[in-house]
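The values are calculated or read from the model by the stated rules, or taken from the named source; none is laboratory data. Note that this is a predicted model, so its numbers are computed, not measured. Cβ atoms come from the backbone with ideal geometry, glycine included; neighbour counts cover every protein chain shown. Remember, those area values only see protein heavy atoms, side chains included, never the ligands or the DNA or RNA. Shrake-Rupley method; radii C 1.70, N 1.55, O 1.52, S 1.80 Å.
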Amino acid sequence: MSAPSDSFDTAQVPEPKVSEREARQVAEAAREQGWRKPSFAKELFLGRFRLDLIHPHPAPPAEDVRRGEAFLATLREFCETRIDGAQIEREARIPDEVVDGLKELGAFGMKIDRKYGGLGLTQVYYNKALALVGMANASIGALLSAHQSIGVPQPLKMFGTQEQKDTFLPRLARTDISAFLLTEPDVGSDPARLATTAVRDGDDYVLDGVKLWTTNGVVADLLVVMARVPKSEGHKGGITAFVVEADSPGITVENRNAFMGLRGLENGVTRFHQVRVPAANRIGPEGAGLKIALTTLNTGRLSLPAMCVGAGKWCLKIAREWTAAREQWGKPVAHHEAVGEKISFIAATTFALEAVVDLASQMADEDRNDIRIEAALAKLYGSEMGWLMADELVQIRGGRGFETADSLAARGERAVPAEQVLRDMRINRIFEGSTEIMHLLIAREAVDAHLAVAGDIIDPDKTLSDKAKAGAQAGAFYARWLPKLVAGPGQLPNSYAEFHPKGHLDLSAHLRYVERTSRKLARSTFYAMSRWQGRMETKQGFLGRIVDIGAELFAMSAACVRAEMLRTQGEHGREAYQLADVFCRQSRIRVEELFTRLWSNTDDVDRKVVNGVLAGTYTWLEEGVIDPSGDGPWIAGATPGPSERDNVRRPIR
């Protein structure tokens with residue numbers, strides 16, 4: 001493999017010098033600081049099980065249901081008759097006629113208000129549509145999601161001027177495709193080091209820089225670009241969001257990236273060189289870009305777990321059909337316990353994950369609750385569980401699970417793309433915030449109440465008088481809060497009795513467990529803060545387990561509430577109770593293991609091994625293999641300047 005050209009020499013890249021503290025300050029400034037509305041998940045982490053915030057399960061208006069179901073029926077017919085998922089996989093491209101057909105259906109305007117030419121669907125039905133089309137082909141789900149969940153429509157809906165909405169939303173609803181450009185070759189989840197600049201020049205800004213992994217960037221017509229405006233007289237500066245016409249002079253799509261999954265994904269590398277963008281295309285004020293991005297993601301993150309729900313439903317269907325047909329040792333493999341437990345896991349987890357996504361989505365539609373933690377938990381939990389379900393399906397299918405659909409068909413068997421779904425699902429643990437980053441993001445929100453009253457105590461920049469004042473405030477807060485963590489409804493045998501109706505399994509016991517465990521989780525968090533204080537933020541293993549426990553408790557709550565809703569509606573209530581019961585039993589085992597690992601783990605010795613690996617102590621262990629990697633820098637250069645490559649942008653018209 002040849003070495004990259006000089007233009008991609010990382011030695012030429014001026015790396016921004018940002019300290020860890022400065023990076024944290026940038027991230028903290030982008031957070032929504034206040035909690036204007038209640039949050040079920042926030043309360044859960046504080047040891048307060050507010051079942052009243054999610055039960056009875058919120059319900060959509062009848063007209064929203066009618067319009068949503070009508071669109072789903074139309075979309076299903078389109079998926080079944082116009083989309084050839086196997087062709088997209090073979091050719092690594094979504095045919096233009098499929099994209100045009102989706103535009104005609106209005107699928108690119110599902111979340112855009114009808115007054116701008118969109119369909120104006122609710123979050124619930126938008127998610128159901130993504131789950132449907134995502135199983136026709138995951139790349140199409142990613143195309144529609146990137147366009148509407150994080151692309152131009154959502155930030156304009158929330159932060160755009162009326163003129164911007166009037167100008168761009170009608171185009172985005174029917175004809176134009178959008179992309180979101182934040183990541184750079186050496187900037188991922190640490191936006192403080194963002195290098196792309198936007199310099200004010202008269203009525204324009206001039207953009208220079210390189211963006212990586214621009215989903216939809218190869219075919220996009222409109223871009224949301226995050227760039228750093230230098231601070232100057234009259235300009236606050238900071239990371240700022242812009243709507244940019246993708247065919248503007250100076251924009252070059254330098255590469256269409258290829259991945260292990262999502263082979264039809266139009267994802268690229270985009271270079272900006274002296275690109276002029278009208279100041280009227282700036283979204284919000286200067287310096288508000290990251291806050292806009294994070295606020296957009298509060299609901300945008302729900303699209304990804306929605307597609308994981310779709311994958312879970314398909315995994316369950318294939319597992320049911322295959323294990324009934326395949327016999328070993330005189331009976332269908334489904335009746336062998338080792339296989340049966342995998343089927344049970346897929347069924348129960350699909351039920352719970354759909355409960356989580358539908359509940360969070362309906363709360364987003366009602367806008368009564370702050371769902372930033374719920375949406376983040378749904379993304380985290382959905383991506384992890386979705387991957388596990390796909391992996392279990394491959395295992396259930398055995399050698400056929402590892403074989404491609406084309407190969408199966410070529411030798412006369414049903415073309416089941418299990419290995420493709422596994423590959424496609426893998427990115428979900430990385431997309432829109434990796435699992436590790438989601439752990440930290442959710443943990444920060446989960447301990448927000450503690451930092452609000454005690455943060456100054458562990459802040460090294462605060463004076464002694466500030467620390468003393470914070471100590472007094474913290475003492476008063478914890479004097480009221482800690483006693484409430486000792487006892488609660490979870491210890492009363494008749495609590496949540498409506499979840500144990502006559503003739504059904506007992507879900508009330510699981511809700512009592514959630515209530516007790518919520519208080520235990522809050523006590524564990526408080527103990528950890530008392531023990532580690534300022535070093536708490538470095539205990540990422542501990543924080544990750546705290547978040548994972550919270551995710552399980554949220555999923556258990558959602559599953560029980562959904563089962564009760566289905567029972568009262570007369571829709572598979574008995575079966576729903578059974579699935580919720582099995583899921584909660586499985587979840588409780590995971591929770592207890594996570595609690596054990598809070599204090600009994602290998603975090604400290606792991607850190608020592610890591611230091612040894614980086615110091616070269618174990619290089620002898622690497623001997624005896626050949627490295628098949630090619631030459632080149634670990635991180636491609638992103639030096640501003642004119643492009644030296646052909647433009648591979650491919651607008652679909």
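Need the full-extension length gain, R411 to L492, defined as separation in residues times 0.36 nm minus the C-alpha distance. One decimal, nm. Extra length from R411 to L492 when fully extended: 23.1 nm. Calculated FRET efficiency, A279 to E537, Cβ-Cβ distance, R0 = 35 Å: about 0.40 to the nearest 0.05. Relative to its Kirkwood radius, the Cα radius of gyration of the chain gives an Rg/Rh of 0.96.
Using a simple spin-label model with pseudo-atoms 7 Å out from Cα toward Cβ, R523 and K502 lie 3.8 nm apart. Scaled against 2.2 N^0.38 Å for its residue count N, the alpha carbon radius of gyration of segment 69-196 is 1.13. Among the listed pairs K103/K128; K291/K379; K317/K379; K484/K520; K211/K291, those whose Cα-Cα separation exceeds 21 Å are K317/K379. With R₀ set to 51 Å, the beta-carbon distance separating D203 from Q395 gives a calculated FRET efficiency near 0.30.
Rolling a 1.4 angstrom probe over the protein heavy atoms, how many square angstrom per residue are accessible across segment 501-552?
Accessible area per residue, segment 501-552: 38 Å².
Placing unit charges on each Cβ (+1 for Lys and Arg, -1 for Asp and Glu) gives the chain a dipole about its Cα centre, and among V187, L511, A70 the Cα reaching farthest toward its positive end belongs to L511. Here the simple spin-label model places points 7 Å from the Cα toward Cβ, and for D247 and K608 these points are separated by 6.4 nm. Normalised by the number of residues in the chain, the average gap of Cα pairs under 8 Å and 6 or more apart makes the relative contact order 18 percent. The loop-placed GluC sites (Glu not before Pro) in segment 258-344, going by DSSP, include none that has at most 10 neighbouring Cβ atoms within 10 Å of its Cβ.
The Cα trace of segment 236-394 gives Rg and Dmax of 22.1, 74 Å, the first to one decimal, the second as a whole number.
Segment 551-653 gives an Rg/Rh value of 1.28, both radii derived from C-alpha positions and Rh following Kirkwood.
Each label was represented as a point 7 Å from its Cα along the Cα-to-Cβ direction; for D52 and D646 these points are 6.6 nm apart. Per the Cα gyration tensor, segment 414-501 maps to an equivalent ellipsoid with semi-axes of 42, 29, 6 Å, ordered largest to smallest.
Applying a length cut-off of 27 Å (Cα extent along the axis) and a mean Kyte-Doolittle floor of -0.5 to the DSSP H helices of the chain leaves 303-325, 337-366, 372-397, 540-569, 573-599.
Taking R0 as 56 Å, what's the FRET efficiency between S530 and E366 from their Cβ-Cβ distance, rounded to 0.05?
Details: r = 37 Å, r/R0 = 0.67.
With R0 = 56 Å, the Cβ-Cβ based efficiency is 0.90.
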